[in-house]
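*Asks:* Before we start, here is the structure in question, set down as structure tokens.
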Ligand SMILES: Cc1ncc(COP(=O)(O)O)c(C=O)c1O
């Protein structure tokens with residue numbers, strides 16, 4: 001029997017629970033109007049999100065994976081084009097590049113930030129390289145200034161970093177997911193593309209609806225990938241709360257440091273623009289620590305093992321174990337501990353206590 005109290009890895013319901021009456025009203029308003037796609041909430045959310053992000057326009061789409069595919073399609077990338085991205089990220093980053101018809105080329109990560117290492121990216125640039133897709137992993141901004149110096153279009157996979165002040169300015173586009181654990185989440189699937197160039201935005205806007213501006217004339221072969229009115233209605237409420245939630249996440253991250261978690265394992269170094277989608281630590285003892293957390297009823301996870309270059313579906317790219325040493329080490333050694341906007345000091349103390357005991361046992 002796991003020890004009580006149980007602490008989940010993330011408690012999304014605790015975040016939206018106080019907003020349920022307002023959410024019910026917003027959903028009731030959608031039902032009263034009877035418009036479920038391309039309605040007033042999507043239009044308003046696209047504007048509010050653009051204002052929040054400081055970009056000329058955003059385009060609501062079906063999910064964060066389609067958001068990447070749509071941007072690559074709008075950039076007219078395809079067969080023979082290479083796109084550099086990390087292999088230490090969720091599978092969708094590379095899958096989207098393949099779906100767009102291009103070839104993912106994996107660069108290694110910085111062992112401390114777990115984000116793309118610009119030197120490793122530079123080494124992989126060829127005449128066929130057409131774009132870089134950095135991921136703001138776990139809420140930490142990728143090194144955009146250094147990547148921008150490489151002179152290639154950047155498409156920021158910002159699925160995990162809505163609200164970070166350092167993102168969505170450098171790239172030609174940034175893509176977001178509203179999967180219901182993200183910093184800004186919906187009540188189901190949803191996604192967003194933010195562009196820094198209007199023309200690219202117009203093309204994404206057409207591609208998300210069958211390559212059409214008007215309903216009867218189809219100018220490109222696109223897809224059907226739209227954000228719906230109920231999602232947009234909820235997202236408008238949640239966008240208003242986002243800065244408060246991200247501040248609470250940052251406070252919780254700081255509390256883990258104050259509680260001494262950093263003496264037991266490598267914890268993320270702070271960056272003022274980090275929005276802590278997840279709090280991911282590293283230790284050679286990670287297996288023992290995760291086992292102890294599970295035994296104590298505490299949510300935990302190990303991310304992206306195997307990393308993308310070793311995933312069965314991407315075997316055709318020809319990578320082998322050992323090709324990306326930092327990525328492989330990070331995948332083997334990481335573990336995440338509970339964090340959400342609203343986790344209590346007592347819950348965090350309990351997490352650290354269990355990690356401390358596990359580390360002591362594993363060392364002896
Ligand atoms: C880094 C990253 N990219 C892309 C995605 C894909 O987003 P979605 O699940 O909305 O398709 C996710 C999350 O699921 C993600 O974490």
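The values are calculated or read from the model by the stated rules, or taken from the named source; none is laboratory data. In this text, all values refer to a predicted model and were calculated from it rather than measured experimentally. Methodologically, a virtual Cβ is constructed for each residue, glycine included, from the backbone with ideal geometry; neighbour enumeration extends over all protein chains shown.
*Asks:* Quick one: is residue 326 part of a helix (DSSP H, G or I) and within 21 Å of the chain's Cα centre (by Cα)?
*Replies:* yes
*Asks:* Right, here's the next one. Applying the selection to segment 126-153, what residues are within 23 Å of residue 183 (Cβ to Cβ) and more than 15 Å from the ligand (Cβ to nearest atom)?
*Replies:* Within segment 126-153, 143, 144, 145, 147 qualify.
*Asks:* Does segment 167-180 hold any residues that are within 16 Å of the ligand (Cβ to nearest atom) and either surrounded by fewer than 23 Cβ atoms within 10 Å (Cβ to Cβ) or not in a loop (DSSP other than H, G, I, E, B) (or both), and which are they?
*Replies:* Hits for segment 167-180 are 173, 174, 175, 176, 177, 179, 180.
*Asks:* Moving on to the next point. Hey, any hits in segment 222-230 for a residue that's in the same structural domain as residue 154 (by TED's automatic domain parsing), surrounded by fewer than 15 Cβ atoms within 10 Å (Cβ to Cβ) and at pLDDT 95 or above?
*Replies:* Yes, because at least one residue in segment 222-230 is in the same structural domain as residue 154 (by TED's automatic domain parsing), surrounded by fewer than 15 Cβ atoms within 10 Å (Cβ to Cβ) and at pLDDT 95 or above.
*Asks:* Moving to a separate point now. What number of residues within segment 61-83 are within 16 Å of the ligand (Cβ to nearest atom), more than 21 Å from residue 166 (Cα to Cα) and in contact with a helix residue (DSSP H, G or I) (Cβ under 7 Å, 6 or more places away or on another chain)?
*Replies:* 7
*Asks:* Here are some residues: 343, 289. Which one is outside the structural domain of residue 99 (by TED's automatic domain parsing), assigned to a loop (DSSP other than H, G, I, E, B), in contact with a helix residue (DSSP H, G or I) (Cβ under 7 Å, 6 or more places away or on another chain) and away from the ligand (no atom under 16 Å from the Cβ)?
*Replies:* 343 is the lone residue from the list that is outside the structural domain of residue 99 (by TED's automatic domain parsing), assigned to a loop (DSSP other than H, G, I, E, B), in contact with a helix residue (DSSP H, G or I) (Cβ under 7 Å, 6 or more places away or on another chain) and away from the ligand (no atom under 16 Å from the Cβ).
*Asks:* Among the residues of segment 135-165, count how many are in contact (Cβ under 8 Å) with a residue 40 or more places away in the chain and either in contact with a helix residue (DSSP H, G or I) (Cβ under 7 Å, 6 or more places away or on another chain) or under 24 Å from residue 27 (Cβ atoms) (or both).
*Replies:* 9
*Asks:* Kindly indicate whether residue 146 is buried (at least 18 other Cβ atoms within 10 Å of the Cβ) and not in a loop (DSSP other than H, G, I, E, B).
*Replies:* Judged against the criteria, residue 146 is not a match.
*Asks:* Please verify whether residue 183 is part of a helix (DSSP H, G or I) and under 23 Å from residue 134 (Cα atoms), treating the condition exactly as stated.
*Replies:* Spelling it out, it is not the case that residue 183 is part of a helix (DSSP H, G or I) and under 23 Å from residue 134 (Cα atoms).
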